[in-house]
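One structure is given here, and the rest of the page talks about it.
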Amino acid sequence: MRTLIKNGTVVNADASTRADVLVDGEKIATIGIDLDVAADRTIDAAGKWVVPGGIDVHTHMELPFGGTFAKDTFETGTRAAAFGGTTTIIDFAVQPRGGSLREGLDAWHEKADGNACIDYGFHMIVSDVRDDVLTEMDALVDEGITTFKLFTAYPGVFLSDDGAIFRAMQQTAKNGGMILMHAENGMAIDVVANQNAEAGNTDPYYHGVSRSPVFEADATSRVIRLAEVAEVPVYIVHLSSRNALNEVRRARDEGQPAFAETCPQYLFLSLDDMKNGFEGAKFVCSPPLRPADHQEDLWDGLVRDDLQVVSTDHCPFDFHGQKELGRGDFRKIPNGLPGVEDRVDLLHHGGPAAGRMSPNRWVEIVSTAPARMFGLTQKGAIAPGLDADILVYDPNRKRTISARTHHMDVDYSCYEGMEITGGSDVVLSRGRIVVDGEEWLGEKGGGRFIKRARSREYLK
Ligand code: URP
Ligand code: ZN
Ligand code: ZN
């Protein structure tokens, strides 16, 4: 099958060019002006942008967490992602405590295989660092699981102490992978959270105020320094505050391979959203939403490349029946927000459409940098030879975000009623049209597991 995309503007991270794009099978074959070639179908992209498919490097499909499971399956979550212009995800496989990495990885392959509608890779959550686990980490890197997430948060669930984190870092320095850190001081946070609950402050809002941005900065600084000694690249996930950003910036200014992502919720939502009684449970995630004055600092971090990526941390729980597990005690609200469908468009809306950054920087943040940093060597740009993961993007399209129309399997939207500018008209995943306007043309199982290269080779 050959598809010709005509008359559009190809927007890559490094340049924008008026050009036609010929897709042959799964790959981009040729890019050129007024291509005169035979094709099985032609898409007229006049007035539109032709951009690489979005890559969301932080999702949690079907994650067992907080006494329940994240609601989207690999089928529903990846379908929703495609509707929102994301054509690759990297999800987090979880090592069960006391179990092996292999057990956790096998379980995630089983969830995704034959179900995912778009391509996917895995990171590995290491929740129990042991000698045998350190050896397993090397084997996983060879299988394309090149990134390991550890936590300084969630005592009793995922938290690892400094010694365990440092050992995992040393191992990763040797095997060529990268360490991802959830950086919040979980022990101190639990003290404040318990004090609030005992004082009768049980509303969701107190989840937010119990998790000070200073606790985030403290943990960020600590893990960056551990990584410095271990001589391993470190990537801070879901960075939420200017306090933590300043720690990343300092390390980068000193030349350390320290990287970070933020998420749309920290750019568009704030602690105020958590104030409306139990409705605030819809916004409970960790790190929590911050006072609104942090948002512009995070945008500035993106523009200046102190933050390299925006991912979603998509971890959806229904308001009814799931978030409600924490009625009367914010500590029992499952942590996590839906968002995999909204990232590309929200970033366009707040980025180039708002004049904060160029269309090229937007493409870099939502696709090119994730591909380069996470070893997705066949993705992240419109270039001959790469996978034909392509969005025909309308930068002028208006739409209103709503749970009534979104495709994620969750009963609310954090952005309900928000009008945004920009949206994908057509989405191709390895040459197949999976979304055409409102129509779903993709298929369950159409996505493929991607064995990723070692990240280090692709870091700037
Ligand atoms: O609240 C969050 N972020 N839930 C998902 C798990 C994690 O820490 O990434
Ligand atoms: Zn986390
Ligand atoms: Zn997460």
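Check whether at least one residue in the range 283-300 is assigned to a loop (DSSP other than H, G, I, E, B), of a type outside the set (A, V, I, L, M), closer than 23 Å to Arg399 by Cβ and away from ligand 1 (no atom under 16 Å from the Cβ), and report yes or no.
Scanning the range 283-300, I find no residue that is assigned to a loop (DSSP other than H, G, I, E, B), of a type outside the set (A, V, I, L, M), closer than 23 Å to Arg399 by Cβ and away from ligand 1 (no atom under 16 Å from the Cβ), so the answer is no.
Have a look at Ile433, Ile401, Ile420, Ile450 and point out the one that is at pLDDT 95 or above and either closer than 30 Å to Asn175 by Cβ or of a type in the set (Phe, Trp, Tyr) (or both).
Ile450 is the lone residue from the list that is at pLDDT 95 or above and either closer than 30 Å to Asn175 by Cβ or of a type in the set (Phe, Trp, Tyr) (or both).
Do you know which of the residues in the range 222-262 that are farther than 22 Å from Phe374 by Cβ and in a loop (DSSP other than H, G, I, E, B) is nearest to the chain's Cα centre (by Cα)?
Ser241
Those residues that are in a loop (DSSP other than H, G, I, E, B) and buried (at least 22 other Cβ atoms within 10 Å of the Cβ), I need them from the range 130-150; list them, please.
Ile145, Thr146
Given the criterion of a type outside the set (S, T, N, Q) and open to solvent by 30 Å² or more (accessible area, probe 1.4 Å), identify the matching residue among Pro213, Pro233.
Criteria check complete, one pass: Pro213.
List the pairs whose first member sits in the range 81-94 and is more than 14 Å from Cys315 (Cβ to Cβ), whose second member is more than 16 Å from ligand 1 (Cβ to nearest atom) and among the hydroxyl-bearing types (Ser, Thr, Tyr), and whose Cβ atoms are under 6 Å apart, counting only residues at least 6 apart or on separate chains?
Gly85/Ser424; Thr87/Ser429
Which is surrounded by fewer than 22 Cβ atoms within 10 Å (Cβ to Cβ) and not β-branched (Val, Ile, Thr), of Gly114, Gly66, Gly84, Gly53?
Values: Gly66 fails: surrounded by fewer than 22 Cβ atoms within 10 Å (Cβ to Cβ); Gly84 fails: surrounded by fewer than 22 Cβ atoms within 10 Å (Cβ to Cβ); Gly53 fails: surrounded by fewer than 22 Cβ atoms within 10 Å (Cβ to Cβ).
Checking each option against the conditions leaves just Gly114.
Any idea how many residues of the range 168-189 are open to solvent by 10 Å² or more (accessible area, probe 1.4 Å), among the charged types (D, E, K, R) and either under 24 Å from the mean Cα position of the chain (by Cα) or closer than 24 Å to Phe215 by Cβ (or both)?
0
Filter the range 384-420 down to residues that are more than 23 Å from Leu289 (Cβ to Cβ) and outside any loop (DSSP other than H, G, I, E, B), then give me how many there are.
The number of residues fulfilling the criteria is 11.
One line per residue, one yes/no per condition, for (1) open to solvent by less than 10 Å² (accessible area, probe 1.4 Å); (2) of a type in the set (A, V, I, L, M); (3) in a strand (DSSP E or B):
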position	(1), (2), (3)
Asp305	no, no, no
Thr312	yes, no, no
Leu346	yes, yes, no
Arg361	no, no, no
Glu364	no, no, no
Ala369	yes, yes, no
Lys379	no, no, no
Ile382	yes, yes, no
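Yes or no: the range 124-146 includes at least one residue that is touching a Pro at 6+ places or on another chain (Cβ under 7 Å), within 16 Å of ligand 3 (Cβ to nearest atom) and not acidic (Asp, Glu). If you could, list the steps in order and put the result at the bottom.
The initial filter retains those residues of the range 124-146 that are touching a Pro at 6+ places or on another chain (Cβ under 7 Å), namely none.
So far as the range 124-146 goes, no, none of its residues is touching a Pro at 6+ places or on another chain (Cβ under 7 Å), within 16 Å of ligand 3 (Cβ to nearest atom) and not acidic (Asp, Glu).
Just name the residue that is nearest to Glu279 (Cα to Cα) out of those in the range 420-450 that are out of contact with any helix residue (DSSP H, G or I) (no Cβ under 9 Å at 6 or more places or on another chain) and open to solvent by 50 Å² or more (accessible area, probe 1.4 Å).
The qualifying residue nearest to Glu279 (Cα to Cα) is Glu439.
Count, please, the residues in the range 1-31 that happen to be part of a strand (DSSP E or B), open to solvent by 10 Å² or more (accessible area, probe 1.4 Å) and among the charged types (D, E, K, R).
Number satisfying all stated conditions: 5.
Determine whether Leu391 is of a type outside the set (Asp, Glu), farther than 21 Å from Ile43 by Cβ and at pLDDT 95 or above.
No: the conditions fail for Leu391.
Determine whether the range 91-101 contains at least one residue that is open to solvent by 10 Å² or more (accessible area, probe 1.4 Å), touching a Cys at 6+ places or on another chain (Cβ under 8 Å) and within 16 Å of ligand 2 (Cβ to nearest atom).
no
Where the second residue is part of a strand (DSSP E or B) and open to solvent by 10 Å² or more (accessible area, probe 1.4 Å) and the first is closer than 18 Å to Ile55 by Cβ and charged (D, E, K, R) and lies in the range 425-436, which pairs have Cβ atoms under 6 Å and are six or more apart or on separate chains?
So the pair list comes out as Arg430/Asp387.
Among the candidates Val234, Val248, which residue alone is in contact (Cβ under 8 Å) with a residue 12 or more places away in the chain and over 25 Å from Ala292 (Cβ atoms)?
Val234
Please specify each residue of the range 151-169 satisfying the condition of being among the acidic types (Asp, Glu) and in a loop (DSSP other than H, G, I, E, B).
Asp161
The values are calculated or read from the model by the stated rules, or taken from the named source; none is laboratory data. Just so you know, these numbers come straight off a predicted model, no measurement behind them. Positions of Cβ are backbone-derived with ideal geometry, glycine not excepted, and every protein chain shown enters the neighbour counts. The area values use the complete protein model at the heavy-atom level, side chains included, leaving out ligands, DNA and RNA. Shrake-Rupley method; radii C 1.70, N 1.55, O 1.52, S 1.80 Å.
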